[in-house]
1. Tell me which helices (runs of 4 or more DSSP H) are completely within region 103-198 and hold 2 or more residues being more than 21 Å from the chain's Cα centre (by Cα) and closer than 22 Å to Phe211 by Cβ, or say none if there are none.
2. May I ask you to list the residues in region 65-93 that are buried (at least 20 other Cβ atoms within 10 Å of the Cβ) and among the polar types (S, T, N, Q)?
3. Select from region 82-93 the residues that are of a type outside the set (Ser, Thr, Tyr) and either touching a residue at least 60 places away in the same chain (Cβ under 8 Å) or in contact with a helix residue (DSSP H, G or I) (Cβ under 7 Å, 6 or more places away or on another chain) (or both) and list them in ascending order.
4. How about region 154-184: which of its residues are among the basic types (Lys, Arg), free of Cβ contacts under 8 Å to residues at least 60 places away in the same chain and touching a helix residue (DSSP H, G or I) at 6+ places or on another chain (Cβ under 9 Å)?
5. Within region 31-51, can one find any residue that is in contact with a helix residue (DSSP H, G or I) (Cβ under 6 Å, 6 or more places away or on another chain), in a helix (DSSP H, G or I) and farther than 20 Å from Ala231 by Cα?
6. Give the residues of region 206-238 that are of a type in the set (Val, Ile, Thr) and either more than 23 Å from Ala117 (Cα to Cα) or part of a helix (DSSP H, G or I) (or both), sorted by residue number.
7. Scanning for something among the acidic types (Asp, Glu) and over 28 Å from Leu259 (Cα atoms), does region 177-186 turn up at least one residue?
8. Within region 102-137, take every residue that is more than 18 Å from Ala150 (Cα to Cα) and β-branched (Val, Ile, Thr) and give me the one that is surrounded by the fewest Cβ atoms within 10 Å (Cβ to Cβ).
Amino acid sequence: MSPGARPGAAAIAPLHVAALLATTLLALLLALPLLGLLVRVSPGELLARLGDEKVLEALRLSLATSAAATVLVALLGTPAAYLLATRQFRGRPALEVLLDLPMVMPPTMAGFALLLAFGRTGLAGRALSLAGISLPFTTLGVVVAQTFMAAPFYLVSARAGFAGVDRRLLDAAATLRAGETQRFLRVVLPLAAPSLLAGLAMSAARALGEFGATITFAGNLPGVTQTMPLAVYVAMQSDLDAAIVLAVLLLLMSLGLLLAMRAATRGAWPGLARAGRPDPAPAR
């Protein structure tokens, strides 16, 4: 080894080469299928097919149901995430596992479980029927299926955001006679906002792309429960061009949500991110 060479440089170089090779192979594996979609449709053709009633119907339904599911996830998931991030209580680990379980559950099995729970003869189905509410094979059932599958993605991110708020800021607010609600609204919520928005973006993307639980629990009824992923599946068997257009639209919307999530976690709110971290110690 030459005198100017750094120790271990020769041993590290092969690792760098292996990492570069693995990264290249993985990038190709992920990029080639997406490229295969994009090269099959021109922007003009994409815009022209947007006038297709079947495409518009699936697009409107997907946007409406995924937006409703995302709102429901935020309304129910924010208090739950705050509770799990800030409180210790008996049964908390079991509750966390229960809330995270749909994230690793096969979607088809999740849809079947929803059917057994909320179907007309299910655990809660009879009570819902008496109240005049029917979930299976309805648009509302699509929202329930999407919420079931998307909620854990928000909960994981929101819990991390709430847990990462500097406790000293809360103590300082308490000394100013701020109640817990005021501390949550004026300190915790703004500081955790990047994590909450990132979680919402992931949940919205998961709801938008939901297939297995939806088709099992809500069916595949055009204009009622046939969201874009289901429409892609049906169009593949009869109209390949329509399937490609729907798939590209899903890809573009997913890309937009991913970019929004990255913006939320990488400096869209730099002041908030800095406020949540303690100041570095002054140099001596």
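1. Hits in region 103-198: 107-118.
2. Thr65, Ser66, Thr70, Thr78
3. Within region 82-93, Leu84, Ala85, Arg92 meet the criteria.
4. Hit for region 154-184 is Arg183, nothing else.
5. So far as region 31-51 goes, no, none of its residues is in contact with a helix residue (DSSP H, G or I) (Cβ under 6 Å, 6 or more places away or on another chain), in a helix (DSSP H, G or I) and farther than 20 Å from Ala231 by Cα.
6. Within region 206-238, Thr214, Ile215, Thr216, Val232, Val234 meet the criteria.
7. Checked against the condition, which is being among the acidic types (Asp, Glu) and over 28 Å from Leu259 (Cα atoms), region 177-186 yields at least one hit.
8. For region 102-137, the residue satisfying everything is Thr121.
Here, each number is a calculation from the coordinates, and none is a lab measurement. For clarity, every value in this text was computed on a predicted model and none was experimentally measured. Please note: Cβ atoms are built from the backbone with ideal geometry, for glycine as well, and neighbour counts cover all protein chains shown.
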